[in-house]
Structures are given as C-alpha cells and as structure tokens.
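Working notes, beginning with the structure itself.
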Amino acid sequence: MRLRHRSHASRRPSLALRAGRAAGAGLFVLLAATAGCSAGQAPRPDAPGAWHLVFKEEFGGSALNSSHWVTCYDWNNNGCTNAGNRESEWYQPGQVSVGGGALTLQARRVTTPGSDGRTYPWTSGMVSTGRESWDGTPRFTFTRGYVAAAVRIPAEQGVYPAFWLSPITRVTPPEIDVAEFLGTSRNVQMSVHWAGPGGKDLSSAGHYGPLDFPAGYHVFALDWEADSLTWLVDGQARYWMTDKANIPDVAMEILLSLAVGVPDQPPAAVDSARMQVEWVRVWQH
C-alpha cells in the first residue's frame, strides 16, 4: 500500500507493490520481548515514556464514526481503488460496517463498475483518517507517537489486509506499514519507505511468524520516535530501525484496508473475506 510521487493535475497517485527489502535498507534488529497486552485487555503503550492519549476509537454502536473515518482515498469518486497495485477491488462504503464492538471490512466477489471506467471483479472496504474528497480536511493526522490497533485478518487466500500510515502531503515515500499480509496469513510484514537519491523509493521490511493470525485478534503497534521506529506484535517488540535519516518526519494519516488480488488472485472457491478491527489508539509524549 504505497503512495508515490504524483502529478497535481492527475489527482490520482500511482501506487506500486513491493515485497521484501529494497537496496539501501536501514538496520532492523530483533528486540527482546516486552510486557504486552492482548486484544482483551485495556490497550496501552508497550514502550517506555510518559504517554497521553490523542486518538481513541472503540468502534461502539452500529455506525462508523464519521468524525474519525472516511471510507475511501482522497480521490474518492463514487468509490476508489489502488490502481498502482493493480488491485481487483473497487472500494465502496457499503462494505464497511460497525457492530458488536468491531469494525468490519467486507470483500465480496461481485462485478462492480468503477467511476474510473473499469469494471472490477470484487468490491471491498477500507477506512482512513484522511480526507473524504480531494479538497477536504483530514480527520486525524499525527507526527510521531505510539499507534496500535487490535486486528483480526481473514484466512482466505488472495486478499491483502493492511494497517498503515500515509503522509498528509500525498507524496510518498515516506510511508510506514505497521502490519500487512502480502500473499500469506501466517507471516506479518512490517516496513518503512523513504526517499533515496532522485526521490527513488527505498524500503526495509521485517517479518514475524509463522503464526495462525486469522484465529483471533492481534495487537499490531508502532512506536514512532524521532530517532527510532519499533514494531510490536501483541506487546512484543519484533523489529526496530535506528537510522534517523530514513525515519519519516511528516504528519501521517491512519489507514486500514482489505485489498484483493495482491499479489495473487483468490482461488475460485473464495467469494468473500472479512477483516475486523476492535480498536485503534494513538498516544504521544
């Protein structure tokens, strides 16, 4: 889920899929386990420091909190997609629901016409704290802090669940992927992207697994400091980065998305999948 440099006239960024590590990657080091929290416990930062809560979403009630979330990218025009990834879904608000204390993003194999003139074999859901239209105001952005979400990913093959951060500038890199499942539901990928010479998109990724992630909720978190990035899974730090030159220093919005057909199409027997989120929080020093 990576937004790249864009032409202002086009009003549609080009996004590109990358997996694994790119040249010039920063140093990632496996961290020792820290005291953690499960999805059933009161969420709190699993990192040292005096934290204060700046964003809280519990997904209560029966409707999405529109003061926190929108259901498309900024280029929303009766739906949207991530064209640069050649995804197979057209995102629509009807595929986003709230109930039973959770947000649900539902992917369905339904032929869906997009306002971009293409027809998509799937429809799905996403949410963002960004803008509901190109000229809108972002719902919420932050620069540095501890962001966490309790997420249950689908087990179906051919879908691409992700929890990630994208810059308010709409120009990427930089970008931070808190947790994404690319071609697998058993190994989580955690990555950061930064601009190299000539604006080239460079990245580094850490991985954790194998684990049966679809079996239940897991807490994915990022401690974003000025001089380090630390990724945590269920309260245990898995990777960190300390190359300050490659750490983003720009306000970011939060995104949760369930893409389809990346890197492979779902098997013929798969006609639906769902990603659920119990809560999202952001703390800062």
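The values are calculated or read from the model by the stated rules, or taken from the named source; none is laboratory data. Please read all numbers here as calculations on a predicted model, not as lab measurements. Glycine also receives a Cβ, built like all others from the backbone with ideal geometry; neighbour counts cover every protein chain displayed. In case anyone asks, the SASA skips ligands and DNA or RNA and just uses the protein heavy atoms, side chains included. Shrake-Rupley method; radii C 1.70, N 1.55, O 1.52, S 1.80 Å.
Some observations on this one:
- For residue 176: the one exception among (1) surrounded by 19 or more Cβ atoms within 10 Å (Cβ to Cβ); (2) farther than 24 Å from residue 45 by Cα: (2)
- Screening residue 256 on (1) open to solvent by 40 Å² or more (accessible area, probe 1.4 Å); (2) under 24 Å from residue 74 (Cα atoms) shows it passes everything except condition (1).
- Residue within the stretch 190-206 that is at negative phi and of a type in the set (Lys, Arg) present: yes
- Hey, residue 107 within 19 Å of residue 251 (Cβ to Cβ), open to solvent by less than 50 Å² (accessible area, probe 1.4 Å), of a type outside the set (D, E, K, R) and not in a loop (DSSP other than H, G, I, E, B) or not: no
- Those residues of the stretch 230-285 which are hydroxyl-bearing (Ser, Thr, Tyr) and over 20 Å from residue 192 (Cα atoms), in sequence order: 272
- Within the stretch 136-159, the set of residues being open to solvent by 30 Å² or more (accessible area, probe 1.4 Å) and more than 17 Å from the chain's Cα centre (by Cα) comprises 137, 155, 156, 157.
- Cβ-Cβ contacts under 9 Å between residues 6 or more apart (or on different chains), taken from a first residue in the stretch 100-112 that is closer than 15 Å to residue 267 by Cα to a second residue that is part of a strand (DSSP E or B) and open to solvent by 50 Å² or more (accessible area, probe 1.4 Å), are listed as 107/274.
- Among the residues making up the stretch 119-135, those that are under 19 Å from the mean Cα position of the chain (by Cα) and either under 13 Å from residue 104 (Cα atoms) or of a type outside the set (Gly, Ala, Ser) (or both) are 123, 124, 125, 126, 127, 129, 131, 132.
- Residues of the stretch 59-96 that are surrounded by fewer than 15 Cβ atoms within 10 Å (Cβ to Cβ) and not in a helix (DSSP H, G or I): 60, 61, 62, 63, 66, 67, 77, 78, 86.
- Residues in the stretch 110-133 that are open to solvent by less than 30 Å² (accessible area, probe 1.4 Å) and either among the small types (Gly, Ala, Ser) or closer than 15 Å to residue 166 by Cα (or both): 114, 124, 125, 126, 127, 128, 129, 130, 131.
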